[in-house]
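Everything on this sheet refers to the single structure shown next.
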Amino acid sequence: MTSAKARLQSQAFVEDVAEEMLSSRSFWADARARFFKNRMALVSVFMLFLLVLFAIFGNVIAQWSYEEIDWNLLGMIKEEGGPSIANGHYFGVDELGRDMYARVVQGSRTSLLVGFVAGIASVLIGSTIGAFAGYFGGRFDSIVMGGYTIWLSVPYIIFFVVWQAFFGRSLGQMILVIVLVNWTAGLLIVRGQVMMLRNREFVDAARMLGLSDVAIIFRHIAPNILWVVVIYTSMVVPEVIMMESLVSFLGVGIQEPNTSWGALISEGASTMTFGTLWQLAFPAAFFVIAQVSLYYIGDGLRDALDPKDRL
């Protein structure tokens, strides 16, 4: 204990800590510079930013609500229900005469909200549980890993159907059930990182200073694995959007009159044989743009933040 205290009070220890702090700052500065050099990632950030603006402010120029029916077009959807600026249906109307532009705005808002809120929440929960399991190990780690293994064997579609049969199909319920389905997101990778860090010198020094285990995890270990969590979050968000779109496509997602990209794509696919391709084309285009943008952003973050790729 005396040698450890002497080590903490030595000039060499201060220099090591200072060097580590400078290295930490240079890591993030280097990561930022590397990300800005990735043109596809920057273009994807811009495209995603436009999608978010469209979802938030798109209704400003909409002349119809997403629930309103244009009775003048019923019975003439194929002939006169296509995209038109003159009648205010910029993306046309669906088979019930509802404005597709307003519905795509609403669908974008729903899908992006579910993707980011449920995706980020899932990673935070999974990463926190993984960090505690990796740090404490032993019986707690065995229980967590047992629960992880069992949960992976549960088909999430069945879980969606059962949950919504009991609690309904609101937007809040959709976010909650996706978080429950994906609570394991990031658990394994964070657990592995923490297991490598828990016996490092800076953790031992924190213990000698009297910090609690929880404080050590959040104040000392968490900053060193933040890059892992950021990268994994960039991967989970598009997967959550895909999951929401899939369950909505199958009819067990968002409930009418609310909608999402998956629900709109499902409706468009069911009517495309009638020649009303705009019902499928517009929501599918927004969905593809979002997915491609998020995946390129994820690739850019992996290239920028992975220490193995640093020169």
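Picking from THR233, THR259, which residue would you name as being polar (S, T, N, Q) and not in a helix (DSSP H, G or I)?
Values: THR233 fails: not in a helix (DSSP H, G or I).
Step by step, each of THR233, THR259 is checked, and only THR259 is polar (S, T, N, Q) and not in a helix (DSSP H, G or I).
Write out, first by first residue and then by second, each pair whose Cβ atoms fall under 9 Å of each other, whose residues are 6+ apart or on separate chains, and whose first residue, in the range 221-244, is among the small types (Gly, Ala, Ser) while the second is surrounded by fewer than 21 Cβ atoms within 10 Å (Cβ to Cβ).
Short answer, once both residue conditions are applied: SER234/TYR295; SER234/ASP299; SER234/ARG302.
Being free of Cβ contacts under 8 Å to residues at least 40 places away in the same chain, in a helix (DSSP H, G or I) and polar (S, T, N, Q) is the filter here, so list the residues in the range 157-208 that pass it.
Listed by number, the list holds a single entry, GLN173.
If only one of ALA281, ALA215 is farther than 24 Å from PHE46 by Cα and surrounded by fewer than 18 Cβ atoms within 10 Å (Cβ to Cβ), which one is it?
Details: ALA281 fails: farther than 24 Å from PHE46 by Cα.
Of ALA281, ALA215, the one residue that is farther than 24 Å from PHE46 by Cα and surrounded by fewer than 18 Cβ atoms within 10 Å (Cβ to Cβ) is ALA215.
Would you mind stating whether THR149 is among the β-branched types (Val, Ile, Thr), at pLDDT 85 or above and in contact with a Gly (Cβ under 8 Å, 6 or more places away or on another chain)?
Here the answer is no, as THR149 does not meet what is asked.
Just to verify a result, which residue in the range 88-147, among those that are of a type in the set (Ser, Thr, Tyr) and within 15 Å of GLY192 (Cα to Cα), is surrounded by the most Cβ atoms within 10 Å (Cβ to Cβ)?
For the range 88-147, the residue satisfying everything is SER127.
Which of (1) within 19 Å of ALA269 (Cα to Cα); (2) assigned to a helix (DSSP H, G or I); (3) of a type outside the set (Ser, Thr, Tyr) is the odd one out, the single condition PHE91 does not satisfy?
(2)
Look through the range 79-125, keep the residues that are of a type in the set (Lys, Arg) and in contact (Cβ under 8 Å) with a residue 40 or more places away in the chain, and return whichever of them is farthest from GLY275 (Cα to Cα).
Once the filter is applied, the top-ranked residue is ARG109.
If you scan the range 37-83, which residues turn out to be over 25 Å from THR110 (Cα atoms), more than 29 Å from the chain's Cα centre (by Cα), outside any helix (DSSP H, G or I) and not aliphatic (A, V, I, L, M)?
GLY75
Considering only the range 248-276, how many residues are at pLDDT 85 or above and under 21 Å from the mean Cα position of the chain (by Cα)?
Within the range 248-276, residues that are at pLDDT 85 or above and under 21 Å from the mean Cα position of the chain (by Cα) number 7.
Can VAL247 be described as within 23 Å of SER44 (Cα to Cα) and of a type in the set (Val, Ile, Thr)?
When the stated conditions are applied, VAL247 does not pass them.
Just for the range 244-253: of the residues that are of a type outside the set (Gly, Ala, Ser) and crowded, with 24+ Cβ neighbours inside 10 Å, which one is nearest to ALA269 (Cα to Cα)?
Here the residue is VAL247.
Which of (1) part of a helix (DSSP H, G or I); (2) within 16 Å of MET100 (Cβ to Cβ) is the odd one out, the single condition MET242 does not satisfy?
If we test MET242 against (1) part of a helix (DSSP H, G or I); (2) within 16 Å of MET100 (Cβ to Cβ), just (2) comes out false.
Restricting attention to the range 267-278, and to residues there that are in a helix (DSSP H, G or I) and of a type in the set (Ser, Thr, Tyr), which single residue is surrounded by the fewest Cβ atoms within 10 Å (Cβ to Cβ)? Explain how you work it out, then say what you get.
Step one: list which residues in the range 267-278 are in a helix (DSSP H, G or I), which gives 267-274, 278.
Next, from what is left, pick out any that are of a type in the set (Ser, Thr, Tyr): 270-271, 273.
Values: SER270: 12, THR271: 16, THR273: 8.
Taking the candidates together, the pick is THR273.
Mind listing just one residue for me: the one in the range 178-202 that is β-branched (Val, Ile, Thr) and surrounded by 20 or more Cβ atoms within 10 Å (Cβ to Cβ) and, of those, farthest from the chain's Cα centre (by Cα)?
Among them, the one singled out is VAL194.
The values are calculated or read from the model by the stated rules, or taken from the named source; none is laboratory data. Bear in mind that the values here come from a model prediction, so they are computed numbers and not experimental data. When we count neighbours, we look across all protein chains shown, and the Cβ atoms used for this are built from the backbone with ideal geometry, even at glycine.
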